[in-house]
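Novice: Structure below; questions to follow.
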Amino acid sequence: MKALLLLPCLLATGLTAAAQTPITLTQSNFPALPTTVELYNTASITGVMAPTVGANQTWNYSNLTATGQTTATYNAPSATPAFAGTTRTYNYTLPLGSFQVKGVESQALTATGLTYLGYTIPTQRFGLGTLTGAATDSLVVPMQSVAVGATLMAFPTTTGTVTKNFYRSGTTGLLTVGLVALNKTPLRLVQRVSSTDSVAGYGTLRVPVAGGASASQVLLVRSRVVEVDSFYLAGQPAPAVLLGALGVTQGTVTRSYYDNFYRAGSSQPVAGFTYTSASYQTLQSAFYSRESTLLATRPSLAAAVGGLSAYPNPLAQGPLVLAAGNGSRAAVALSVRDVLGRQLVAGSGTLGQPTALLSGLPQGNYLLEITAADGQRAVQRITVQ
């Protein structure tokens, strides 16, 4: 994601209030599900202070000023995903000099964490005629799948959690340049990435939302990523003059420093900052979530209806009933997914009334998503026997 007006009153305070208990992120409250669109506002960093780390913080960013909007879109995997266990995919672009190579990242949500499984690239061809003067010169990126296996969010994550990754990935192209007798010669980009994600604090975070400022119990996850890019031509370090013509440099080192705030019930950060250095003091950019459920006066669906239960569970035969603790008979949208997050069937129902939506499904475990008319959502795990 692996990118103004003065805010004179903005404070990022570390003042202690009543003692707070740190939340813990697990698979059950970190719904990194497919077919998800995450909504964000980019924000001005003028006058914004970096957050204070540590326990029992009160971070107030309710006066952030939006400068634009961005989205992150996740999709359900195909019936035959490139990597076994894929929960969702994400389209990305790999810059290669002046060329933009399109690819798809695959992620898996499991009991141990959200994992970056790897990426796939479809066949793409880039003409080099404007660089070499020969219309037949080209860079062809063939179809390929590259396994990674890095942990994006470990479960459980709470105060004191530190997650480290190191991986090496290689993307291959075929280079044809007649002037230097290259004919579909393998050109390989090797990326060595090391990352450290640490829970640097916990407390209450406020950000602006429509209708008021939300107050969420959050974890502050501080990240450091170092990437080194190396290029090889026919198995040997690529000549600098060739790489210069392609607009890339051997051994480029990219360092990234950023903070993300996470709350329970969402896999989308509530807010985040990037920094210019490892001091984590000088801000480079800021964003905050546009999730409709951020407003503190709008609780989760389960909380809003006094608790939510599904019975019979396990389900042997017959209909399933979703019961609200307060007896609500609200209309809801229903979606059944398998353990890989793929949607199997969708429909509508009413709380307190039976639904046959799971009838006919084979034995196994399923996720039943329940969404109210105002967007509040809950997920129930159902076992079919």
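Novice: Tell me the net charge near LEU128. Cut-off is 14 Å between Cβ atoms, LEU128 excluded, with +1 for each Lys or Arg and -1 for each Asp or Glu.
Specialist: Values: positive: ARG125, LYS184; negative: ASP137.
Overall, the nearby charge balance is +1.
Novice: Related question: Can you work out the FRET efficiency for the pair GLN343 and THR249, with r the C-beta to C-beta distance and R0 = 30 Å, to the nearest 0.05? Present the calculation step by step, with values, prior to reporting the outcome.
Specialist: Values: r = 44 Å, r/R0 = 1.46.
After rounding to 0.05, the efficiency reads 0.10.
Novice: What residue among GLY247, PRO237, VAL225 has its Cα farthest toward the positive end of the dipole of the stretch 206-274, where the charges are +1 on Lys, Arg and -1 on Asp, Glu, each on the Cβ?
Specialist: Positive-most Cα among the choices belongs to VAL225.
Novice: If ligands, DNA and RNA are left out, what is the accessible area of GLU369 with a 1.4 Å probe, given in Å² to the nearest 10?
Specialist: Accessible surface of GLU369 is approximately 20 Å².
Novice: By DSSP, what percent of the beta bridges with both residues in the chain are antiparallel, rounded to the nearest 5?
Specialist: Expressed as a percentage, antiparallel bridges in the chain total about 95.
Novice: Give me the number: length gained by fully extending THR204 to VAL180, i.e. 0.36 nm times residue separation minus the C-alpha to C-alpha distance, one decimal in nm.
Specialist: Between THR204 and VAL180, full extension yields an extra 2.6 nm.
Novice: Additional query: Rounded to the nearest 10 Å², what accessible area does ILE45 show when all protein chains are kept and the probe is 1.4 Å?
Specialist: Result for ILE45: roughly 50 Å² accessible.
Novice: Using a 1.4 angstrom probe and counting only protein chains, how large is the accessible area of PHE155 in Å², to 10?
Specialist: Counting only protein heavy atoms, the figure is 20 Å².
Novice: Please state, as a whole number in µm²/s, the translational diffusion coefficient that the Stokes-Einstein equation yields for the stretch 307-372 at 37 °C and 0.692 mPa s, with Rh defined as the Kirkwood radius across alpha carbon pairs. Please list the in-between numbers first.
Specialist: Numbers: Rh = 12.1 Å.
It comes out at roughly 271 µm²/s.
Novice: Enumerate the calculated ³J(HN,Hα) couplings along the stretch 109-121 in order (Karplus 6.51 cos²θ - 1.76 cosθ + 1.60, θ = phi - 60°), each rounded to whole Hz, writing x wherever the residue is Gly or Pro.
Specialist: Each residue's phi maps through the Karplus curve to give 9, 10, 5, 9, x, 8, 10, 8, 6, x, 9, 10, 10 Hz.
Novice: Follow-up question, since we're still on this one. Give me the compactness ratio for the chain, meaning the Cα radius of gyration over 2.2 N^0.38 Å.
Specialist: Taking the Cα Rg and dividing by 2.2 N^0.38 Å, one obtains 1.14.
Novice: Given the Cα-Cα distance of ALA331 and GLN317 and 0.36 nm per residue of separation, how much length would full extension add, in nm?
Specialist: Values: separation 14, 0.36 × 14 = 5.04 nm, distance 2.33 nm.
Contour length minus the Cα-Cα distance gives 2.7 nm.
Novice: Excluding THR383 itself, calculate the net charge of residues whose Cβ lies under 15 Å from the Cβ of THR383, where each Lys or Arg counts +1 and each Asp or Glu counts -1.
Specialist: Residues near THR383 contribute +1 overall.
Novice: Now for a different question. For the chain, give the magnitude of the charge dipole about the Cα centre (Cβ charges: +1 Lys/Arg, -1 Asp/Glu; no others), in debye to the nearest 20.
Specialist: Values: 21 positive and 11 negative charges, 40 e Å.
So the dipole magnitude of the chain works out to roughly 200 debye.
The values are calculated or read from the model by the stated rules, or taken from the named source; none is laboratory data. Worth saying up front: this structure is predicted, and the values here are computed from it rather than measured. Every residue, glycine among them, receives a Cβ derived from its backbone with ideal geometry; neighbour counts consider all protein chains shown. In case anyone asks, the SASA skips ligands and DNA or RNA and just uses the protein heavy atoms, side chains included. Shrake-Rupley method; radii C 1.70, N 1.55, O 1.52, S 1.80 Å.
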